[in-house]
Amino acid sequence: MERRPLATLRDIVDFTGLPPRTIYDQRHRGVGLGALAFKVGTQLRWDWADVDAWISEQKGQVAA
């Protein structure tokens, strides 16, 4: 299995179109995509597998 680099905040913003402030707010509230972030040193990072799973979950909520 090929590993992808961890996503940065810029990657998440570019991928989703969400503003950085929204991501930070979600992290603080413990909800949404922001809640999936973890720290590597002082920087927030996301595992792309978690991001993909979150996107799939969102798609399922729209269809329901």
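The sum of -39500 (n - 2.57) across all DSSP H runs of n ≥ 4, divided by the residue count of the chain, sets its helix-only mean residue ellipticity at 222 nm to -16000 deg cm²/dmol. Mean sequence separation of contacting Cα pairs (under 8 Å, at least six apart), scaled by the length of the chain, corresponds to a relative contact order of 28 percent.
Accessible area per residue for the chain is 72 Å², calculated with a 1.4 Å probe on protein heavy atoms, without ligands, DNA or RNA. Subtracting the Cα-Cα distance of residue 6 and residue 53 from 0.36 nm times their residue separation leaves 15.4 nm of extension gain. By the equivalent-ellipsoid construction on the alpha carbon gyration tensor, the chain comes out with semi-axes of 19, 16, 10 Å, ordered largest to smallest. On the chain, 53 percent of the accessible area sits on carbon and sulfur atoms, based on a 1.4 Å probe.
The values are calculated or read from the model by the stated rules, or taken from the named source; none is laboratory data. Worth saying up front: this structure is predicted, and the values here are computed from it rather than measured. We work out accessible area using only protein heavy atoms, side chains counted, and drop any ligands, DNA or RNA first. Shrake-Rupley method; radii C 1.70, N 1.55, O 1.52, S 1.80 Å.
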